[in-house]
1. Determine, for F289, F156, the number of other Cβ atoms within 10 Å of each Cβ, and report the residues in order from fewest to most.
2. For Q216 and E320, FRET efficiency with R0 = 30 Å and r from the beta-carbon atoms, rounded to 0.05?
3. Please order E272, E251 by the number of other Cβ within 10 Å, starting at the fewest.
4. Put a dot 7 Å past each Cα toward the Cβ at F104 and Q402; how far apart are the dots in nm?
5. By the scheme Lys and Arg +1, Asp and Glu -1, what is the net charge of all other residues having a beta-carbon under 14 Å from that of I328?
6. Could you please report the charge total around I49, scoring K, R as +1 and D, E as -1 over all other residues with beta-carbon less than 14 angstrom from its beta-carbon?
7. If you take the Cα atoms of segment 1-49, find Rg, then find the Kirkwood Rh from the mean of 1/r over all pairs, what is Rg/Rh?
8. Just to be sure I understand the model, the point goes 7 Å from the Cα along the line to the Cβ. What's the resulting R255 to A164 distance in nm?
Amino acid sequence: MKNLSERQRLVLTILASVLLSGGLLAVVYSDRTEIEQIEGEIEELDTRIQAAAVEAAKIPEREDKVLVFRAVEDRELAILPTEQRIADFQRGLSANLAAAGLRFTELPESSPEDSELARGIRSTRMKLKGGGDAASILKFMNMIENDPRLVAVKGFRITAGDRARQAPGEPVQHDLELDLETYFYRPDRAKDDLHIPGAERRLQEPRVQEAIQAFQPERPETYVLRPAASRRDPLVDPRKAKAKDTGPDEEQWAREEAIVAELEARHRDIAEKVEMEKAYERVGDLFRFDRMRREVDDLSNDLKARLEQVRELKSVLLPELTQRLERIGASLEELRGTRPSRELVVTRTVAEEFRRELEQDLARGAFGEMTSKGSAWVNFLRGKRIDPDARPLMEVIEGLMQKGRIHGEFQALALKVTGTIVHGEDPSRSLVVVNNRNVRVGDVLDEAGELVLESISAADVVFRFQGEPIRVSTRPEPRSGGPAAERRFVAPPR
């Protein structure tokens with residue numbers, strides 16, 4: 001530096017200052033860029049925090065919705081076929097086949113698979129093979145059509161039978177193949193398990209309880225076909241001239257009109273008690289008001305359950321009576337709308353009425369109706385609470401339904417008793433002619449070992465089918481202008 005001139009030192013100083021200033025500017029620019037980047041990140045984080053705060057504020061409301069849905073889930077999903085309903089339908093196939101007069105040649109094998117329709121939907125494909133005459137096949141197809149829409153008929157094939165192979169006078173037997181497909185809903189709950197802190201406590205909060213009580217599920221009837229009476233009978237040839245419409249037969253009208261009249265009387269009784277309830281409230285008689293209010297709630301619950309049962313069982317089909325039934329339902333819903341919501345309960349009264357219906361059907365041999373009503377009763381019970389007093393009757397009803405199914409399957413066997421020989425001294429030597437075969441007491445008449453001849457008397461023959469004793473009369477039914485239809489001989493004791 002000593003050897004440098006003044007000018008050189010000045011230039012060197014200026015250059016050093018410029019370099020230092022440039023370095024400082026570069027450092028400041030770099031720091032400013034980093035600061036702006038950090039400020040941008042902070043601003044983005046602030047935005048995300050604000051959005052998260054908004055979402056966090058919605059969590060209690062969303063948790064309440066989850067709690068409400070969990071409480072009403074069974075009612076909400078009642079409109080969807082369940083795995084149990086499909087299993088009931090598959091078990092009922094054999095009863096429908098027997099009631100229609102068809103026979104199995106190959107039992108369907110089925111296993112549910114995931115469907116492509118939606119998550120949680122499972123489909124079951126079945127191939128059913130059987131045989132029977134044309135009338136039996138049409139009757140069976142009509143039974144499937146009358147059932148709730150739980151099954152899709154993807155295809156069917158009928159192979160015509162050979163008349164030359166049939167016995168004279170016997171209907172031609174055809175082979176039937178049906179491709180059926182059913183669907184049910186079974187969600188994977190393990191994937192949707194969500195823990196909500198304090199769920200039990202929050203479930204009792206007023207706003208949650210109000211939402212649960214206000215919930216109105218879809219009506220399962222939306223996928224049920226119209227009553228069979230409103231559709232053409234497939235067993236009637238539409239090409240034939242229609243007979244003059246003489247209106248409903250008197251027996252059907254009397255039976256259905258009695259049901260509607262009884263429901264109208266119960267509705268009038270409820271309306272009178274509602275007026276008494278209002279009067280007690282006006283005069284301030286709170287004790288009688290509370291007692292009458294509970295009585296009206298119980299009666300309206302029974303009537304609503306009975307109305308749903310009548311609709312499910314299709315006990316009333318005549319249009320004029322159906323309109324009266326709908327008026328009762330509308331008036332009752334208007335009445336219930338002014339009162340606190342209650343869960344529908346199946347009481348002992350409702351169960352007793354259905355038990356009487358089944359007993360009447362069993363007495364008059366309407367086994368096909370018992371099978372249909374039994375399936376409708378199972379559907380009616382879904383999603384409803386059963387009163388403890390009604391539970392003993394549920395076992396009685398189940399027993400009657402089982403008895404009706406057995407009698408229906410026995411009837412489908414078409415056993416013909418054409419003659420009996422009753423030995424007065426030695427009952428073991430008595431015999432009966434069943435379908436042109438001599439049968440004695442204790443003989444088994446089917447391959448499965450379910451049909452056994454239990455006893456023979458001059459008046460009737462008792463079979464035991466699937467553990468149920470079934471009595472068949474052997475009294476001759478005289479033909480018009482001809483001999484008796486059956487032959488009976490009683491061997492005198494020696």
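1. In order of increasing Cβ crowding within 10 Å: F156, F289.
2. Step by step, r from the Cβ atoms, then E = 0.55.
3. Details: E272 11, E251 8.
Going from sparsest to densest Cβ surroundings: E251, E272.
4. Going from the Q402 label point to the F104 one covers 1.9 nm.
5. My count for the surroundings of I328 gives -3.
6. Surrounding charge for I49 is -4.
7. The Rg/Rh ratio comes out at 1.49.
8. Roughly 4.6 nm, to one decimal.
Throughout, read-outs are computed from the coordinates displayed, never taken from laboratory work. These figures come from a predicted structure and were not determined experimentally. Here the Cβ is made from the backbone with ideal geometry for all residues, glycine too, and neighbour counts use every protein chain on show.
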